[in-house]
Each structure stands twice: as C-alpha cells, then as structure tokens.
1. May I ask you to list the residues in segment 67-83 that are surrounded by fewer than 19 Cβ atoms within 10 Å (Cβ to Cβ) and part of a helix (DSSP H, G or I)?
2. Can you name the number of the only condition in (1) surrounded by 15 or more Cβ atoms within 10 Å (Cβ to Cβ); (2) out of contact with any helix residue (DSSP H, G or I) (no Cβ under 7 Å at 6 or more places or on another chain); (3) hydroxyl-bearing (Ser, Thr, Tyr) that Thr40 fails?
3. Looking at segment 185-206, which of its residues are assigned to a helix (DSSP H, G or I) and closer than 23 Å to Thr260 by Cβ?
4. Just to check your reading of the model, which residue among Val133, Val105 is more than 23 Å from Ile292 (Cα to Cα), crowded, with 22+ Cβ neighbours inside 10 Å and at pLDDT 95 or above?
5. So is Lys168 among the basic types (Lys, Arg) and free of Cβ contacts under 8 Å to residues at least 60 places away in the same chain or not?
6. Search segment 298-323 for residues being closer than 30 Å to Ser234 by Cβ and among the hydrophobic types (A, V, I, L, M, F, W, C), and hand back the single one that is nearest to the chain's Cα centre (by Cα).
7. Residues in segment 233-277 that are at pLDDT 95 or above and part of a loop (DSSP other than H, G, I, E, B): how many?
8. Pick from Ile297, Ile314: which is among the β-branched types (Val, Ile, Thr) and touching a strand residue (DSSP E or B) at 6+ places or on another chain (Cβ under 7 Å)?
Amino acid sequence: MRIKKKKKVRQIFVTTHSTHITSAVSLDEIICLHNEKGVTKIGYPTKVFPETKNKKYVQRFLDATKSDMLFAQKILFVEGMAEQLLMSVFANYLDKSLEDNHVAVINVGGRYFEHFLYLFDSSKENTIPKRVVCITDRDPERKVKPNGSFKKCYPYEYNQNLDDFDYKTNPSADSYSKGSHQNITFFSPEVNKGKTLEYELLMSNPTSRLLLTDSINNKQELEDLMVIFETDGSTVQNLLDKLRDSDANTRIKESITLNTSLDDEEKKKSIIASRYLNSVGKGENALELSYILSKNIDKKGTDEFVEFNIPQYIKDAIEELCQ
C-alpha cells in the first residue's frame, strides 16, 4: 500500500513448480517455460484463448491437482474418473510408466478438451508446446427420423437402419488423428465397433474374471456368459438365450440378431460387453478395478498372474506418450 501511495511500481517474479501457487493465481499472472531437447520456449497462457469463455473455463478448472498440466513434460487428457484411475495401471501392463515419462493424466470431466488445447497448440503463438494426447469415447447415437432426439445406441446398432434412423458419434473422436498435428493426437475406439472404456475392456477381455468386481450388478449372469463364450462350439444364440428377461436385454437380442456387419465372434463379445456396460457403476468400479489389476500385475512372472489385454486405442495412446 505504501508503494502505491508513493506511485512506485515493483514487479515480483516467482519461479515455482508448486501447483498450489499456480492454482491460487490467475492465468494473467502465469508465464510458462517449457524445455524440450535443449530448446526452451515461453508460453503466455493468458494470450492463447480466442474467447473469454474458454479462458474462464480453464481458470475455474485449475485447482492444485489439475494445474499439474502446466508442469508436466507431456499430458494425457481423459474424459472421466475411470480413465484417470486406470491409465497408469494400463501402462504398467504394457511395460511402460507414465510417471517415468513425466506424463500428467488430467480428467476434464467430459468432452471439454478444446478449452485446454488452446494452451498447448504448438501451431499457434504464445502456447506451451507439450506433447498432448486425448483419449475419448466413441459414444454412438441414433435418432428416429425426422424429428427424434439423439439417444445412445450400441455399436452394433450404428448405421444398421438408415431408412428409419439418423446416426452420429462423438465428433472429437476423429479430430487430431495421428500425424495430423504437430503435438496433439486423439485416440478413440474404432467406429462401428467402439463405445466406451467399459465396453472396450470387455471386448478385449471377454472372459476375464478380473473385470467382475464386487460393485457390479448381474455378476453371476456375466460369469455365466463368459463360461458359454469359453465353451467350444458355443453360438451367438447360446449367449442370447442366457440373458434374463428385461427391456434392456430384449433390445440387445433384437439388435444383435439384425446386425449384418459383425461376425459371430464379434457378436458374442458384444453381448457380454453390453451386459457389462449396463451393470457397472463407473466411479466405485474403477477404484476396485484399479486395485485388482495392480495386485494382478504384481504377480507377473508367477503362475498366479492372469493375462489382461489393453484395448488397442489405449495402447496406441500410451505408446505415443512413452516414446
């Protein structure tokens, strides 16, 4: 106050790796230095946003954990808590370490990647040119023509009835494909086959009991389906016959039967994946699954270790960050 009254101005620069400090100040007061391969570049976060709403969103978002993105060497943006909890574990199954590669896993709470990409787009001025990977769900949807509203659908329903339905998937899933941008890449499940993380885990591990955590519903039904899948000579109809009566299962039965693009093996996996998706609660299940998978990988090299497959799009994302 005395300095102000005397009309004297002093600037104070604080260098820090403290996320608590960066979360307590505004973006206007932050300058970021990023060094890669001996080259230091300067980023001015306050100058990169095209609209005030983008800047305000990021400013509200930067608490003491999420502002870690300003300090990490690389960034993995994910949609939700399940991905945030599981990505480091998945990397371990691939003999990789996100921590050793200085990767910050940031949960943006939905498909809100674009707000944060303004900070790191190396094709623009004043940005922080870190390597950025975004993992997003495919999320297929359909609506009854002509005036219906879009609702979630299964991958095996996607584009199967173009006369009666319009279809769409997550538009972010096809943005920033590998090699299309200097430092930003998106990874997502395969179109026409992919949906969400939970769905993809079962498609990659259709008989893995590791996925049957205590918090999921219909645990016995899922295990019964896995047993049928493992049985030599089992058919799609064998799995459909095992589904209990419900509106959700009736939809699965009808849609799988009408699908003309998947082979029988893919259809059988899709049935189990659909039931798993409808039975799992994301938050609690992710915590349990993270613990189970971590305990399992500790047994690697022993007879007790159970093989577990990481979905291809997640594998590709982790490989991209751990080069």
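1. Within segment 67-83, Asp68, Met81 meet the criteria.
2. Going through the list (1) surrounded by 15 or more Cβ atoms within 10 Å (Cβ to Cβ); (2) out of contact with any helix residue (DSSP H, G or I) (no Cβ under 7 Å at 6 or more places or on another chain); (3) hydroxyl-bearing (Ser, Thr, Tyr), Thr40 breaks only (1).
3. Kept after step one, since they are assigned to a helix (DSSP H, G or I), are these residues of segment 185-206: 197-204.
Within segment 185-206, Tyr199, Glu200, Leu202, Met203 qualify.
4. Val133
5. The answer is yes for Lys168.
6. Ile314
7. Residues flagged as at pLDDT 95 or above and part of a loop (DSSP other than H, G, I, E, B) within segment 233-277 amount to 7.
8. Details: Ile297 fails: touching a strand residue (DSSP E or B) at 6+ places or on another chain (Cβ under 7 Å).
Residue meeting the stated conditions: Ile314.
The values are calculated or read from the model by the stated rules, or taken from the named source; none is laboratory data. Predicted model only: the values in this text are computed from it and were never measured. Here the Cβ is made from the backbone with ideal geometry for all residues, glycine too, and neighbour counts use every protein chain on show.
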